[in-house]
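Notes to accompany the following structure.
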Amino acid sequence: QVQLVESGGGLVQAGGSLRLSCAASGRSFNNYYVMGWFRQAPGKEREFVAAISWNGGNTYYADSVKGRFTISRDNAKNTVYLQMNSLKPEDTAVYYCAADRPGPVFISVDEYDYWGQGTQVTVSS
């Protein structure tokens, strides 16, 4: 079993920055898991934001966040991060951390096995 806990959400003004963290734990978790970030805004489907391979060598981003968000991981701390810069009001959503068993990196919600509870990010104009 794997448990994921997100933190770092909050309220910021447009153009500001936030850094989300996701702490992983559980006997089933290992550092070879693919980690991803997704978000869901009111009235919308949950969408892919970013993902990272086990060693951080491969990263993937939604077009809407490329150049503004950076995903990273610290395997020694069992933690994945999402650095969000130049935030826009349209980035407002609940952000979820997700983990996928070792293997190829996917961007589909259905491919991920474990999910955190989500953390709210609100960007004011």
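No value in this document is a laboratory result; all are computed from the given coordinates. All values reported here derive from a predicted model rather than from experimental measurement. Because the Cβ atoms are built from the backbone with ideal geometry, glycine has one as well, and the counts that use them run over all protein chains shown.
Please report the equivalent ellipsoid semi-axes of region 1-59, computed as sqrt(5 x eigenvalue) of the Cα gyration tensor, largest first, in whole Å.
Taking √(5λ) for each eigenvalue gives 24, 14, 13 Å, largest first.
Using only Cα atoms, what is the ratio of the radius of gyration of region 55-125 to 2.2 N^0.38 Å?
1.17
How do the peptides 50-62, 85-97 rank, highest first, by the average count of neighbouring beta carbon atoms within 10 Å per residue?
My ranking of the peptides, most packed first, is 85-97, 50-62.
For Lys44 and Asp113 in the same chain, what is the full-extension length gain: residue separation times 0.36 nm, less their Cα-Cα distance, in nm?
22.7 nm
Given Ser25, Pro42, Tyr112, which one lies farthest toward the positive end of the charge dipole of the chain, if we put +1 on the Cβ of every Lys and Arg and -1 on the Cβ of every Asp and Glu?
Going by the charge dipole, the pick is Ser25.
Give, as a single signed number, the net charge of other residues whose beta carbon lies under 15 Å from the beta carbon of Lys77, with Lys and Arg counted +1 and Asp and Glu -1.
0
Using just the Cα positions, wrap the chain in a convex hull and report its mean projected area in square nanometres, one decimal place.
The orientation-averaged projected area of the Cα hull of the chain comes to 6.9 nm².
How much length is gained if the chain between Lys66 and Asn85 is pulled fully straight, taking 0.36 nm per residue apart and subtracting their Cα-Cα distance, in nm to one decimal?
5.8 nm
Starting from region 1-67, pick out the trypsin sites (Lys or Arg not before Pro) whose DSSP state is loop and whose Cβ has at most 16 other Cβ atoms within 10 Å.
Here the sparse-neighbourhood loop sites are Arg27, Lys44, Arg46, Lys66.
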